[in-house]
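The values are calculated or read from the model by the stated rules, or taken from the named source; none is laboratory data. Computed from a prediction, not measured in an experiment: that's the story for all the values here. Positions of Cβ are backbone-derived with ideal geometry, glycine not excepted, and every protein chain shown enters the neighbour counts.
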Amino acid sequence: MEPIIQIQKVTKTFLGKDNQVEALKGISLDIEKGDIYGIIGMSGAGKSTLVRCLNFLEKPTTGTVLIENKDLSAMAEKELRKTRTEIAMIFQHFNLLMQRNVLDNVCFPMEIVGMKKAAARKRAMELLEIVGLSEKAKSYPAQLSGGQKQRVAIARALANNPKILLCDEATSALDPTTTKAILQLLQQINRDYGITIVIITHEMAVVQEICSHVAIIDNGELAEHGTVEEVFTSPKTPAAKKLVFMVNPQMAEMRSKRCIRIVFVENSSFEPVIANMILECKAPVNILLADTKDINGIAHGQMILQLPEDEAVAAKMIHYLEERKLTVEEVDSYVG
Amino acid sequence: MWDEIMVYWQQEGSVMTPMVSLLLESVLVTLYMTVVSTVAAYILGLPMGIAMVVTAPGGLRPNHVTYRILDFVANIVRSVPFLILLILVIPLTRAIVGKAYGPTSAIVPLVLAAAPFIARMVESSLQEVDKGVIEAAQSMGADLWTIIWKVLLAEARTSLIVGATIVLGTVLGYSAMAGIVGGGGLGDIAIQYGYYRREEDVMWVSVILLVVLVQVMQYVGTLISKKTDKRVR
């Protein structure tokens, strides 16, 4: 398959008053037609700048972007504007015209390309049907919920039959249920109209939900890219690992520095003390070291546990252990 | 225009005392000066304000030199007190209107004073427009004029109307000052009768009429801006 978007060695440097910020440090990436491509990174990684380079809202400092083999940097202003009508974009804060009703908002891009008013209105109603907002045609954006506003923005984005849809943190201002519904709508659009979708997000869950491919941007550089399965099952770079592990809160790093050393001297080795404590307190602990043995039914030895950050839970755990006649002492920071 | 109206009123003069008819004439003269000056000043000030927003650093077409010049012009005119501007521009007024007194002559300094003020008001109204919405329009391939008309001016509508209401009130106040140089209108009456002749009741009536005019303008302006604002409810 032919790549519809080719990002070629794109760098972007912003000049400040007395410093310069390298937002992108030479990114090359091909996105194929019909993909739902996730571009993920922590905030400040440069992903929003990158997506703006795809329609030249930001002009790369060096490097270029090709859309269907046409170089955006070689285009004159007028040609660039025409190309932009084929690359739609939706935003985190929806960016609807607040003084226009829903129908007129959807008509706006069609006014830009000079479509007749009656035809534009007819098409706008069809689009509102697709996003499930026909009954809101005469409402104003201020009267809509976040999810509804994003649906209007999606209808508006589809108005001129774009080939590409760029989504800049399109679900970041929405609650989880609404996010899911919007992602399903995007998936449906990709399937029904074959529109290539590029999704910029900081949430791995979004990528996991609908993307076929993912690129991880870290500190202005492309850390890793490939199919979602590849990157998910074996993340190679620290940036990728960090993002993948963030999905599952249980897999999150334990950040607490609070560690305790427990010494077993007279407990029955048949009593699962630690497991019971976890069940009782309903919080995980991290076993940093365990060196115990069973001598005639009595547990001997020691363990070092890292306790949860929550002070109350940690205190409860210490109390629980002391009650069971274990020696508990706090250790500053255990390095294994 | 008001000459004919006055002739008509003087014909029906039986119910009008000369003072009442004089005050009514002055109200009309004041409105004439205020409205005509404001409209003319918007013809200059609106494009100037738009140009300032467009050429400002980070604007749609940043142009340092143009912005600096416009910014400077807007500042110097506003730094000259209106009373002094009124006298300073007498030669210009003469060149344009043919005489330096009367309501029509007062329009020249009023426009000169109001236009830079309007430019500033327009600038601040347009700056309030959400940058994200402008970016969205750019991403759709909108050209500069489309963004100015359909995004900047349309989205800033409410703020522009509020601004115009403030401008009207300010120009009305300035027009009263034009009375000093024989501009006519309520301010003129207040000075001629109230100050020079010490007929305080005339001064009070003119002041009350000025207050009423400003209140009515403010009320109507607020009403229109609220009615046309679609951001609430």
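Identify the residue in the stretch A:159-177 that is of a type in the set (D, E, K, R) and within 12 Å of chain B (Cβ to nearest Cβ) and, among all such residues, is surrounded by the most Cβ atoms within 10 Å (Cβ to Cβ).
Within the stretch A:159-177, the match that is surrounded by the most Cβ atoms within 10 Å (Cβ to Cβ) is A:ASP168.
Going residue by residue through the stretch A:65-72, is there one that turns out to be at pLDDT 95 or above and of a type in the set (S, T, N, Q)? The answer is no, given that none of the residues of the stretch A:65-72 is at pLDDT 95 or above and of a type in the set (S, T, N, Q). When you look at A:ARG123, is it part of a helix (DSSP H, G or I) and free of Cβ contacts under 8 Å to residues at least 12 places away in the same chain, yes or no? So A:ARG123 does not fit the description; no. Among the residues that make up the stretch A:69-80, is at least one of them in contact with a strand residue (DSSP E or B) (Cβ under 7 Å, 6 or more places away or on another chain), touching a residue at least 40 places away in the same chain (Cβ under 8 Å) and either in a strand (DSSP E or B) or buried (at least 19 other Cβ atoms within 10 Å of the Cβ) (or both)? The answer is no; no qualifying residue exists. Within the stretch B:80-114, the residues that satisfy the criterion of being under 17 Å from the mean Cα position of the chain (by Cα) and of a type in the set (Ser, Thr, Tyr) are B:THR104, B:SER105.
Restricting B:ILE166, B:ILE180, B:ILE191 to residues that are farther than 30 Å from B:GLN127 by Cβ, more than 14 Å from every other protein chain (Cβ to nearest Cβ), surrounded by fewer than 17 Cβ atoms within 10 Å (Cβ to Cβ) and not hydroxyl-bearing (Ser, Thr, Tyr) narrows the list to B:ILE180. Within the span defined as the stretch A:48-62, every residue fails to be closer than 24 Å to A:VAL113 by Cβ and in a strand (DSSP E or B). Residue under question is B:ALA176, and the condition is that it be at pLDDT 95 or above and part of a helix (DSSP H, G or I); does it hold? So B:ALA176 fails the test. The residues of the stretch A:285-309 that are surrounded by fewer than 14 Cβ atoms within 10 Å (Cβ to Cβ), in contact (Cβ under 8 Å) with a residue 12 or more places away in the chain and of a type outside the set (A, V, I, L, M), listed by number, are A:ASP291, A:ASP294, A:GLY297, A:GLU309.
Taking the stated definitions as given, is A:LYS25 among the basic types (Lys, Arg) and under 24 Å from A:ASN160 (Cβ atoms)? Spelling it out, it is not the case that A:LYS25 is among the basic types (Lys, Arg) and under 24 Å from A:ASN160 (Cβ atoms). Of all residues in the stretch A:28-61, those satisfying the criterion of being farther than 19 Å from A:ASN190 by Cβ, more than 14 Å from chain B (Cβ to nearest Cβ) and within 19 Å of the chain's Cα centre (by Cα) are A:GLY41, A:MET42, A:SER43, A:GLY44, A:ALA45, A:GLY46, A:LYS47, A:LEU50.
Number of residues in the stretch A:108-141 that are under 28 Å from the mean Cα position of the chain (by Cα), over 15 Å from B:MET140 (Cβ atoms) and within 14 Å of chain B (Cβ to nearest Cβ) equals 1.
Conditions (1) over 18 Å from A:GLY34 (Cα atoms); (2) outside the structural domain of A:LYS78 (by TED's automatic domain parsing); (3) at pLDDT below 95, marked per residue:
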{"site": "A:GLU111", "(1), (2), (3)": "yes, yes, no"}
{"site": "A:GLU126", "(1), (2), (3)": "yes, yes, no"}
{"site": "A:GLN150", "(1), (2), (3)": "yes, yes, no"}
{"site": "A:THR178", "(1), (2), (3)": "yes, no, yes"}
{"site": "A:VAL198", "(1), (2), (3)": "no, no, no"}
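Give the residue that is nearest to the other protein chains (Cβ to nearest Cβ), with candidates limited to residues of the stretch A:73-102 that are more than 24 Å from A:GLU58 (Cα to Cα) and under 30 Å from the mean Cα position of the chain (by Cα). Looking at residues that are more than 24 Å from A:GLU58 (Cα to Cα) and under 30 Å from the mean Cα position of the chain (by Cα), I get A:MET98. Every condition in (1) modelled with pLDDT of 95 or more; (2) assigned by TED's automatic domain parsing to the domain that holds A:ILE189 is met by A:GLU77 except one, and the failing one is (1).
Could you tell me whether the stretch A:269-282 includes any residue that is over 29 Å from the mean Cα position of the chain (by Cα), at pLDDT below 85, part of a strand (DSSP E or B) and not assigned by TED's automatic domain parsing to the domain that holds A:SER28? Within the stretch A:269-282 (the criterion being over 29 Å from the mean Cα position of the chain (by Cα), at pLDDT below 85, part of a strand (DSSP E or B) and not assigned by TED's automatic domain parsing to the domain that holds A:SER28), the answer is no, since none of the residues qualifies.
Restricting the search to the stretch B:26-79, which residues are aromatic (Phe, Trp, Tyr), closer than 13 Å to B:GLU123 by Cα and free of Cβ contacts under 8 Å to residues at least 60 places away in the same chain? Once the filter is applied, which keeps residues that are aromatic (Phe, Trp, Tyr), closer than 13 Å to B:GLU123 by Cα and free of Cβ contacts under 8 Å to residues at least 60 places away in the same chain, the stretch B:26-79 yields only B:TYR67.
Looking for something in contact with a Gly (Cβ under 8 Å, 6 or more places away or on another chain), more than 10 Å from every other protein chain (Cβ to nearest Cβ) and either outside any helix (DSSP H, G or I) or not polar (S, T, N, Q) (or both) - is there at least one such residue anywhere in the stretch B:148-162? Yes, some residue in the stretch B:148-162 is in contact with a Gly (Cβ under 8 Å, 6 or more places away or on another chain), more than 10 Å from every other protein chain (Cβ to nearest Cβ) and either outside any helix (DSSP H, G or I) or not polar (S, T, N, Q) (or both). Where residues in the stretch B:209-233 are aliphatic (A, V, I, L, M) and within 30 Å of A:SER139 (Cβ to Cβ), which of them is farthest from the other protein chains (Cβ to nearest Cβ)? Once the filter is applied, the top-ranked residue is B:VAL220.
The listed residues are B:ALA136, B:ALA115, and the only one of them that is surrounded by 17 or more Cβ atoms within 10 Å (Cβ to Cβ), hydrophobic (A, V, I, L, M, F, W, C), modelled with pLDDT of 95 or more and under 30 Å from B:TYR32 (Cβ atoms) turns out to be B:ALA115. Just one of the listed residues (A:GLU32, A:GLU2, A:GLU79) is acidic (Asp, Glu) and farther than 27 Å from A:VAL113 by Cα, and it is A:GLU2. If you go through the stretch A:26-48 and pick out every residue that is in contact (Cβ under 8 Å) with a residue 40 or more places away in the chain and either acidic (Asp, Glu) or closer than 13 Å to A:ILE7 by Cβ (or both), you end up with 11. Evaluation of B:VAL171 against the conditions (1) exposed (fewer than 15 other Cβ atoms within 10 Å of the Cβ); (2) touching a Leu at 6+ places or on another chain (Cβ under 9 Å) shows that the sole unmet condition is (1). Within the stretch B:135-145, the set of residues being within 32 Å of the chain's Cα centre (by Cα) and either more than 10 Å from chain A (Cβ to nearest Cβ) or farther than 17 Å from A:MET98 by Cβ (or both) comprises B:ASP143, B:LEU144, B:TRP145.
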